[in-house]
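Trainee: Let me begin by handing over the structure; questions about it come next.
The values are calculated or read from the model by the stated rules, or taken from the named source; none is laboratory data. Source: prediction; values computed, not measured. FYI the Cβ positions are ideal-geometry reconstructions off the backbone, even for glycines, and counts take in every protein chain you see.
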Amino acid sequence: MTRPKLYFVTSNEEKLREIRGALSACPVQVERVALDLPEIQALDPAVVGAYKARKAYDALASEGRAGLALVEDTGLAIDVWNGYPGALIKWVLGAVGEAGLCRQLDAWDDRSATATVVLCLFDGRALHTFTGQASGTITARPRGQFGFGWDSIFQPDGAAQTYGEMPREAKMQISMRARALHALQDYLMASGD
């Protein structure tokens, strides 16, 4: 029996490695597709991810690709900023960089934040959302060369290192992406029976 295709929409090779590794035992064939999708602006990564998953499915279907569309969206909600920038983190980092975001928080004593990863899976009929979160703090300066995005400035609670200082294997034991992936794995294994 042929395993159904799961198209993971990303241009990020590191994310692909993490997804492919986590889903290797699941009854799907993971294939990366780089699509230029429209992205709505919202603080909630689940809202952004749901929109992108539907658009990805439509784009894949228009190309004659049958299967599941999987997209990921992330957010970094800073407590003293009432959850900002959330899913807008990509744009904030594009404007000021990791070091700039760290400096912007120097005016506050509270540097706590919540990191969120949302995986949205759309099959043409139903949307399935898998969320992982990690509480932590924004460091005073970027630390570490591993990972991507804002990994170098987010230190999860209970850890002495930022995600950017952790090798991938260590990060995948505790990250918000790992939590979302576990939920996705459970769903795919249950639906593949």
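Trainee: From the list Asp79, Asp58, Asp36, Asp106, pick out the single residue that is of a type outside the set (Ser, Thr, Tyr) and within 16 Å of Phe154 (Cβ to Cβ). Spell out how you get there, then give the answer.
Mentor: Values: Asp58 fails: within 16 Å of Phe154 (Cβ to Cβ); Asp36 fails: within 16 Å of Phe154 (Cβ to Cβ); Asp106 fails: within 16 Å of Phe154 (Cβ to Cβ).
Just a single option satisfies the conditions, and that option is Asp79.
Trainee: Would it be correct to say that Leu23 is under 13 Å from the mean Cα position of the chain (by Cα), of a type in the set (A, V, I, L, M) and under 19 Å from Ser175 (Cβ atoms)?
Mentor: Details: under 13 Å from the mean Cα position of the chain (by Cα): no; of a type in the set (A, V, I, L, M): yes; under 19 Å from Ser175 (Cβ atoms): yes.
The answer is no for Leu23.
Trainee: Confirm whether Lys90 is at pLDDT below 95, surrounded by 14 or more Cβ atoms within 10 Å (Cβ to Cβ) and not β-branched (Val, Ile, Thr). Step through it out loud before you land on a result.
Mentor: On the way: at pLDDT below 95: yes; surrounded by 14 or more Cβ atoms within 10 Å (Cβ to Cβ): yes; not β-branched (Val, Ile, Thr): yes.
Answer is yes for this residue.
Trainee: Residues that are without any contact (Cβ under 8 Å) to a residue 40 or more places away in the chain and not hydrophobic (A, V, I, L, M, F, W, C): does segment 120-128 have at least one? Please lay out each step first, then the result.
Mentor: Here is the first cut: in segment 120-128, the ones without any contact (Cβ under 8 Å) to a residue 40 or more places away in the chain are 125-126.
Those left that are additionally not hydrophobic (A, V, I, L, M, F, W, C): 125.
Yes, there is a match, as at least one residue in segment 120-128 is without any contact (Cβ under 8 Å) to a residue 40 or more places away in the chain and not hydrophobic (A, V, I, L, M, F, W, C).
Trainee: Among the residues of segment 137-148, which ones are without any contact (Cβ under 8 Å) to a residue 60 or more places away in the chain and on the phi > 0 side of the Ramachandran plot? Step through it out loud before you land on a result.
Mentor: Residues of segment 137-148 that are without any contact (Cβ under 8 Å) to a residue 60 or more places away in the chain, as a first pass: 137, 139-146.
Scanning segment 137-148 gives a single hit, Gly144.
Trainee: Any idea which residue in segment 137-171 is nearest to Asp106 (Cα to Cα), counting only those that are surrounded by fewer than 17 Cβ atoms within 10 Å (Cβ to Cβ) and under 18 Å from the mean Cα position of the chain (by Cα)?
Mentor: Applying the filter and picking the extreme gives Phe148.
Trainee: Counting just the residues of segment 41-66 that are without any contact (Cβ under 8 Å) to a residue 12 or more places away in the chain and not in a helix (DSSP H, G or I), which one comes out farthest from Ile89 (Cα to Cα)?
Mentor: Going residue by residue through segment 41-66, those that are without any contact (Cβ under 8 Å) to a residue 12 or more places away in the chain are 58, 62-64.
Of the ones still in play, those that are also not in a helix (DSSP H, G or I) are 63-64.
Numbers: Glu63: 31, Gly64: 33 Å.
Per the criteria, the residue is Gly64.
Trainee: Out of Ala95, Ala66, Ala46, Ala61, I need the residue that is closer than 24 Å to Ala178 by Cα and of a type outside the set (D, E, K, R). Which one?
Mentor: Values: Ala95 fails: closer than 24 Å to Ala178 by Cα; Ala66 fails: closer than 24 Å to Ala178 by Cα; Ala61 fails: closer than 24 Å to Ala178 by Cα.
Of the residues listed, the single one that is closer than 24 Å to Ala178 by Cα and of a type outside the set (D, E, K, R) is Ala46.
Trainee: So, in segment 3-12, of the ones that are at pLDDT 85 or above and either part of a loop (DSSP other than H, G, I, E, B) or of a type outside the set (A, V, I, L, M, F, W, C) (or both), which residue ends up surrounded by the most Cβ atoms within 10 Å (Cβ to Cβ)?
Mentor: Let us first name the residues in segment 3-12 that are at pLDDT 85 or above, namely 4-11.
From what is left, the residues that are either part of a loop (DSSP other than H, G, I, E, B) or of a type outside the set (A, V, I, L, M, F, W, C) (or both) are 4-5, 7, 10-11.
On the way: Pro4: 15, Lys5: 16, Tyr7: 24, Thr10: 17, Ser11: 11.
Looking at the filtered set, the residue picked out is Tyr7.
Trainee: So Gly124 passes all but one of these: (1) within 21 Å of Arg17 (Cα to Cα); (2) touching a strand residue (DSSP E or B) at 6+ places or on another chain (Cβ under 9 Å). Which condition number does it fail?
Mentor: (1)
Trainee: Can you list the strands (runs of 3 or more DSSP E) found entirely within segment 101-193 that contain at least 1 residues being farther than 21 Å from Ile78 by Cα? Even if it seems obvious, please write down each step before you answer.
Mentor: Numbers: elements: 112-122, 127-138, 154-156.
In segment 101-193, 112-122, 127-138 are the strands (runs of 3 or more DSSP E) which contain 1 or more residues that are farther than 21 Å from Ile78 by Cα.
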